[in-house]
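Only one structure is covered here, and it is reproduced in the block below.
Computed from the coordinates by the stated procedures, all read-outs in this text should not be read as laboratory data. Predicted model, so just to flag it, every value in this text is computed and none were measured. Note: ideal-geometry Cβ built from the backbone for every residue, glycine included; neighbour counts use all protein chains shown.
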Amino acid sequence: TKGHTVLLYREHFLFTGDHLAFSNDLGHLYAFRGACWYDFETQIKSMEVLLNYDFQVVLPGHGAPAWFSSKEECKASLKQCIAWMKKEL
């Protein structure tokens, strides 16, 4: 939804609500296309902003959580998510 926020706790845990989760099918972080009630292009820009932050654990309100072995691995998964989102436009 418009104005959605996430919480980054101690540069390690990212609480994402309905914004971002892990997809076992895709093998990387995933944005809920069907639950984006505002604008998917805006959500992509929001995901790109997350690349400026370091975190290793993604804790969604819905969907699968993700624990990565490193912050770099998490960032790579987020980049895969963004590339996937752009293909979904």
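For the stretch 1-70, trypsin sites (Lys or Arg not before Pro) meeting the loop criterion (DSSP other than H, G, I, E, B) and having at most 16 other Cβ atoms within 10 Å: Lys2, Arg10.
Of the beta bridges in the chain, as assigned by DSSP with both residues counted there, near 70 percent are antiparallel.
The aspartates and glutamates whose alpha-carbon is closer than 14 Å to the alpha-carbon of Lys86, local same-chain residues fewer than 8 away aside, are Asp39, Glu41, Glu48. Please determine, in degrees from 0 to 90 and to the nearest 10, the orientation of helix 40-50 with respect to the longest principal axis defined by the Cα atoms of the chain, where the helix direction is its Cα long axis. Rounded to the nearest ten degrees, it is 20. Distances between every pair of Cα atoms in the chain, grouped in 5 Å steps from 0 to the bin holding the largest one, split as 3, 15, 29, 30, 17, 5, 1 percent. In the chain, the calculated helix contribution to ellipticity at 222 nm averages -10500 deg cm²/dmol per residue, counting -39,500 (n - 2.57) for every DSSP H run with n ≥ 4. For Cys81, the shell of other residues with beta-carbons less than 14 Å away shows a net charge of +2, using +1 for Lys and Arg and -1 for Asp and Glu. Bridging of Lys71 to lysines at a Cα separation below 21 Å is possible for Lys45, Lys79, once same-chain residues fewer than 8 apart are set aside. The residues neighbouring Lys71, those whose beta-carbon lies less than 11 Å from its own, together hold a net charge of -3 under the Lys/Arg +1, Asp/Glu -1 convention.
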